[in-house]
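The values are calculated or read from the model by the stated rules, or taken from the named source; none is laboratory data. Note that this is a predicted model, so its numbers are computed, not measured. Positions of Cβ are backbone-derived with ideal geometry, glycine not excepted, and every protein chain shown enters the neighbour counts. With ligands, DNA and RNA removed, areas are computed over all heavy atoms of the protein, side chains included. Shrake-Rupley method; radii C 1.70, N 1.55, O 1.52, S 1.80 Å.
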Amino acid sequence: ESNFEKNSQLIQGTSVMEAPLLLPGVKHVILVLSGKGGVGKSTMATQLALSLVEDGRKVGVLDVDLCGPSVPHLLGVEGSKIHQCDEGWVPVFVDPAQRLAVMSTSFLLDRSEEAIVWRGPKKNAMIKQFLTDVVWGELDYLIIDTPPGTSDEHISVVESLRGLKPEGAVLVTTPQGVSLDDVRREVTFCRKARIPVLGMVENMSGYVCPHCSECTNLFSSGGGEALAKETSVPFLGRVPLDTRLTQSVEGGKRPVSTRSSPALLSIQRVMKELLDRIEGEGSASNSVEERTESGTLDAS
Amino acid sequence: MLPNIVPGLKARMRVKLRHVRGAQTRQFVKVVFPGALILVSTKILEFVTLTISSFAAIEEIRKRMSSVKHKILVLSGKGGVGKSTFTAHLAHGFASDETRQVAVLDIDICGPSIPKVMGLEGEQIHQSGSGWSPVYVEDNLAVMSVGFLLSSPEDAVIWRGPKKNGLIKQFLRDVDWGEVDFLLVDTPPGTSDEHISIVQYLSGSGVDGAVVITTPQEVALMDVRKEISFCRKVNLPVLGVVENMSGFVCPKCKTESLIFPPTTGGAEKMAQDMAVPFLGKLPLDPRIGKCCDEGKSFLSEVPDSPAAKAYSEIIHRLLQKCEESK
């Protein structure tokens, strides 16, 4: 064991919070991790959440990237405010039917340029509050979007969730070496934290020029699949860089149909893989079908 | 200190207690008050010790940094925008003049990319009488990173904030940089422990300022605006904003695509809105990523590319800014 292994600050053992009191109505908790920043964790977390909602599930997204909260923007609910009820904080709902709930520090800011300049202890306290004081209600899936790294936020989430036995973690990487190095460390984190790795997704895997259809590997290629093999974790699939998806989420708009977005199609396949692993084969209610435009999260 | 205060206080408390009504109340006060006093005194002592040790560290760091002329922090609120890539290439650019001494400090403790990007994977740090010796890329280019302390690529640094701060303090206080013209500090994304600490520890030593890196899309700019607010909050001058991955020219048809679309005007507009200088745009060239993975300098490998030219212009602007201010 190297010095760093011995010095890891992950406390092994039982949860600091009693399991029955924590997230009582939530069936499955999935963490979206990466060691590396900017690989598409938040995009993946939000798109997976949307795909699960379309598949008929009730989903919550908890954004524990306290300093750089992107989830509200990607779901088009930036600027919403949190309300209190008798039982605690009410999450922000993306759709009128309340099938997709979100919680993020972004909702606590008066202005979006305001910086959250907090040291570890304050971040840890906020994360505990997000897990105990938010009235998530009955959820099929709670997806937790994390910042890059293996520090306070990750340690706090894992220690708080220990008694609850989260389903596991989805690791997101881009194909290039610099990203793989950090994600390799994240796999170590998952092993130490005894969080099962549900699988690895290789994002930004190739860019197809919209003018001539030439595919360029902007951030190399194949690295994610190779790393999954090297670290013996399942490989969930490759998602290409797709300006149509990037453009539509930029404005926080509802996603386009899969007919015109290869990235969206790949993400739906990833979701299907995850559902097969978590709930059993064939549990996705639609086979990977095309999503329709703008009718996705309506009351029907 | 504490034992000398207590007898005097005890006497005064005995006098005050006689005036407190009710035997039970007096009993309660007799038990609770001394306990509370000791607790408060311990906490005050802890706070004072911490403050003194922080000041002591800041002073030690000021002494160590007195041989460093210019200090630049490379920040972004957002991850994956190219901070480490930019820091490494800025370092190579500055060090291309052999008379200039350049140093790179990587304080991304959980995700140290600098060793790979600068071709120093597997290197180890050595200790000498004058402190830790950094690892040299060239005679005039030195590097320090937690990456050099890890024994294997799977080693994860799973540390909370205070421990990370301790290592940052050590890096600043114990590394023997020698005479340095430019110290570039690569940071992780965010506005947390590492950022607060680096600004605090360098508060006695004077920092030229921060270069803030972003990509053009709004999801990145949102985080970068927060980073600029952070800089304002801690009185850290913003030397300028760089827009990375600004456009991609297809190698086949040579048409430019905006992969990370500047739907809200990109970094140039953001810089204008936030009243900070705009240093320039860097296009997305897949060869940059490849060079980083191989630990090579893109500026030396593909010097005639548009990206290399854009880099050189930005490096030149930064050099001018630093030299004008001192």
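Some values worked out for this structure:
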{"item": "Yes/no for A:Ala228 being under 28 Å from B:Phe148 (Cα atoms) and in a helix (DSSP H, G or I)", "result": "yes"}
{"item": "Some residue of region A:79-99 being of a type outside the set (Val, Ile, Thr), within 14 Å of chain B (Cβ to nearest Cβ) and closer than 28 Å to A:Lys165 by Cβ", "result": "no"}
{"item": "Scan of region A:42-61 for residues that are touching a Ser or Thr at 6+ places or on another chain (Cβ under 7 Å) and either within 9 Å of chain B (Cβ to nearest Cβ) or at pLDDT 95 or above (or both), ordered by number", "result": "A:Ser42, A:Val61"}
{"item": "Test: residue in region B:258-276 that is within 18 Å of B:Gln217 (Cβ to Cβ), part of a loop (DSSP other than H, G, I, E, B), without any contact (Cβ under 8 Å) to a residue 24 or more places away in the chain and within 13 Å of another protein chain (Cβ to nearest Cβ)", "result": "yes"}
{"item": "Hits in region A:96-105 (condition: at negative phi and open to solvent by 10 Å² or more (accessible area, probe 1.4 Å))", "result": "A:Pro96, A:Ala97, A:Arg99"}
{"item": "Any hit, region A:75-90, residues being closer than 24 Å to A:Asp152 by Cβ, acidic (Asp, Glu) and in a loop (DSSP other than H, G, I, E, B)", "result": "no"}
{"item": "Residue check, B:Ile198 under 24 Å from B:Lys116 (Cα atoms), in contact (Cβ under 8 Å) with a residue 60 or more places away in the chain and part of a helix (DSSP H, G or I)", "result": "yes"}
{"item": "Listing of helices (runs of 4 or more DSSP H) fully contained in region A:104-222 that carry 3 or more residues being within 11 Å of another protein chain (Cβ to nearest Cβ) and in contact (Cβ under 8 Å) with a residue 60 or more places away in the chain", "result": "A:152-161, A:177-193"}
{"item": "Number of positions in region B:213-233 that are at the interface with another protein chain (Cβ under 8 Å from one of its Cβ atoms), in contact with a helix residue (DSSP H, G or I) (Cβ under 9 Å, 6 or more places away or on another chain) and closer than 18 Å to B:Ala275 by Cβ", "result": "5"}
{"item": "Test: B:Ala210 is facing chain A (nearest Cβ under 10 Å), outside any loop (DSSP other than H, G, I, E, B) and either modelled with pLDDT of 95 or more or more than 23 Å from B:His70 (Cβ to Cβ) (or both)", "result": "no"}
{"item": "Test: B:Gly178 is open to solvent by 10 Å² or more (accessible area, probe 1.4 Å), within 26 Å of B:Met118 (Cα to Cα) and small (Gly, Ala, Ser)", "result": "yes"}
{"item": "Identity of the residue in region B:132-167, part of a loop (DSSP other than H, G, I, E, B) and either under 19 Å from the mean Cα position of the chain (by Cα) or more than 14 Å from chain A (Cβ to nearest Cβ) (or both), that ends up nearest to B:Asp97 (Cα to Cα)", "result": "B:Asn140"}
{"item": "Restricting region B:234-249 to residues that are within 12 Å of another protein chain (Cβ to nearest Cβ) and crowded, with 24+ Cβ neighbours inside 10 Å, the residue that is farthest from B:Ile196 (Cα to Cα)", "result": "B:Met245"}
{"item": "Selection status of B:Thr99, surrounded by fewer than 17 Cβ atoms within 10 Å (Cβ to Cβ), closer than 21 Å to B:Leu299 by Cα and either at pLDDT below 95 or among the hydroxyl-bearing types (Ser, Thr, Tyr) (or both)", "result": "yes"}
{"item": "Verdict on B:Leu184 being in a strand (DSSP E or B) and either touching a residue at least 12 places away in the same chain (Cβ under 8 Å) or of a type outside the set (Val, Ile, Thr) (or both)", "result": "yes"}
